[in-house]
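Taking it in order: structure first as structure tokens, then the write-up.
The values are calculated or read from the model by the stated rules, or taken from the named source; none is laboratory data. Given the structure is predicted, the values throughout are model-derived calculations rather than measurements. Positions of Cβ are generated from backbone atoms using ideal geometry, with glycine treated the same way; all protein chains shown enter the neighbour counts. Calculation scope for accessible area: heavy atoms of the full protein, side chains included, ligands and nucleic acids excluded. Shrake-Rupley method; radii C 1.70, N 1.55, O 1.52, S 1.80 Å.
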Amino acid sequence: MPRLGLIAGNGRFPFLVLNAARARGMEVVVAAIKEEAFPEIEKEGARVHWMSLGELSKLIDTFHEEGVTQAVMAGQVKHKQIFSSIKPDWKLAKVLLSLTTRNTDSLIGAVAKVLADEGITLVNSTELLEPLLAKPGVLTKRQPTEQEKKDIDYGRAVARHLAQYDIGQTVVVAGSACVAVEAMEGTDETIVRAGHIMTSLEAEGDASTLARDLVVVKVAKPNQDMRFDVPVVGVKTIETMRAAGATCLAVDAGRCLVIDGDKVFDAADSAGICIVAD
């Protein structure tokens, strides 16, 4: 069986991919992004090579030396890193300067093409974790309220428009009005920002005519490339929602990874949060 290269960003996603691949008898070589990957990745027993986000040539050379011809990207690499002080090597600089837009799809898609030209094929990042993809239906004990259903419908419409331009995956809605939209900051920060807006209103002391309960809607892109930037939710998402006063989470069935499995639904039930996948 050929060796699998794992390009590891932050979060638990890389650990799950690593363990799932090894459970299938695959040998895994990890290219850990030092600005993002958790250091605990070294304790998983695989060969780990640390490299900067800007070192595309080193990534390619490492995989060539290890005999890797297939690789998977797993874990978040924050989009805002394109404005960081990280210095790209000549190969990555050439990619960056060739792009007319530098959103997630164009950036990672261009890197994927360079890897393919070097004989390294990026494969579906969810193939090894199919059981963790959200199943259709209401995934928690509580059903959505009528207002939450309206907010989900409205939020999906708004989020899909944003997703087609690859701006972000998440919108937060209350009372059929858009409270916050995700861009480079990520889902959790978007939810936090929405919570702060509602908290600032509550500080005024007067009750609102409209309910202030927040509904979080996270969608895949219309032509989602399942090799990278796949929507992910986890226990941390639920904890962030609870702190922000959000009561419902809507995701795309079959196109969103529930990274912590049943623990996510247990945490949601404990918080009184409804999760819906369509």
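See the values below:
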{"quantity": "Under the Karplus curve 6.51 cos²θ - 1.76 cosθ + 1.60, θ = phi - 60°, whole-Hz ³J(HN,Hα) for the range 2-11, x wherever Gly or Pro sits", "calculated": "x, 6, 9, x, 10, 8, 9, x, 8, x"}
{"quantity": "Residue-wise HN-Hα coupling along the range 224-230, computed from phi with Karplus coefficients 6.51, -1.76, 1.60 (Hz; x: Gly, Pro)", "calculated": "4, 7, 6, 7, 7, 6, 6"}
{"quantity": "Label-point separation in nm, Lys113 to Leu97, each point 7 Å along Cα→Cβ", "calculated": "1.7 nm"}
{"quantity": "Per-residue [θ]222 nm for the chain (sum of -39500 (n - 2.57) over DSSP H runs n ≥ 4, rounded to 500)", "calculated": "-11500 deg cm²/dmol"}
{"quantity": "Per-residue ³J(HN,Hα) for the range 231-244, Karplus 6.51 cos²θ - 1.76 cosθ + 1.60, θ = phi - 60°, Hz, x for Gly and Pro", "calculated": "x, 9, 10, x, 4, 4, 4, 5, 4, 5, 4, 4, 5, 8"}
{"quantity": "Angle between the chain longest axis and helix 187-202 axis [Cα atoms, degrees, rounded to 10]", "calculated": "20 degrees"}
{"quantity": "Ratio of the Cα radius of gyration of the range 33-168 to 2.2 N^0.38 Å, where N counts its residues", "calculated": "1.33"}
{"quantity": "Fraction of antiparallel bridges per DSSP, the chain only, in percent to nearest 5", "calculated": "30 percent"}
{"quantity": "R0 of 30 Å, Cβ-Cβ distance Ile167-Glu44: FRET efficiency to nearest 0.05", "calculated": "0.30"}
{"quantity": "The chain - charge dipole about Cα centre, Lys and Arg +1 at Cβ, Asp and Glu -1, debye rounded to 20", "calculated": "320 debye"}
{"quantity": "Given (i) 14.6; (ii) 16.3; (iii) 15.3, the label whose value is mean projected area of the Cα convex hull in nm² derived from this model", "calculated": "(iii)"}
{"quantity": "Translational D in µm²/s for the range 74-151 (Stokes-Einstein at 4 °C, 1.567 mPa s, Kirkwood Rh from C-alpha pairs)", "calculated": "79 µm²/s"}
{"quantity": "Ser106 accessible area, assembled protein chains, probe 1.4 Å, Å²", "calculated": "30 Å²"}
{"quantity": "Area projected by the alpha carbon convex hull of the range 197-275, averaged over all directions, nm²", "calculated": "6.4 nm²"}
{"quantity": "Accessible surface, the range 1-140, averaged per residue in Å² (probe 1.4 Å)", "calculated": "50 Å²"}
{"quantity": "Calculated FRET value between Glu189 and Glu65, using beta carbons and R₀ = 25 Å, to 0.05", "calculated": "0.10"}
{"quantity": "For the chain, built as a Gaussian network whose Cα springs stay under 10 Å, the top-fluctuating residue of Ala243, Ala110, Ala21", "calculated": "Ala243"}
{"quantity": "Pairs from Lys141/Lys263; Lys78/Lys236; Lys78/Lys221; Lys58/Lys113; Lys150/Lys263; Lys43/Lys113 whose Cα-Cα separation, in the structure shown, is over 23 Å", "calculated": "Lys150/Lys263; Lys43/Lys113"}
{"quantity": "Electrostatic dipole magnitude of the range 131-270 [Cβ: Lys, Arg +1; Asp, Glu -1; Cα centre; debye, to 20]", "calculated": "440 debye"}
{"quantity": "Carbon plus sulfur fraction of accessible area for the range 56-113, probe 1.4 Å, in percent", "calculated": "59 percent"}
{"quantity": "Cα-projected label distance for Met226 with Val123, points at 7 Å along beta-carbon direction, nm", "calculated": "1.3 nm"}
{"quantity": "Rounded FRET efficiency, nearest 0.05, which uses the C-beta distance separating Ser200 from Lys87 and R0 of 45 Å", "calculated": "0.70"}
{"quantity": "Within a Gaussian network of the chain (alpha carbon springs, distance under 10 Å), most fluctuating of Arg156, Arg193, Arg47", "calculated": "Arg47"}
{"quantity": "Nearest-ten-degree value, helix 56-66 long axis tilted from longest Cα axis of the chain", "calculated": "60 degrees"}
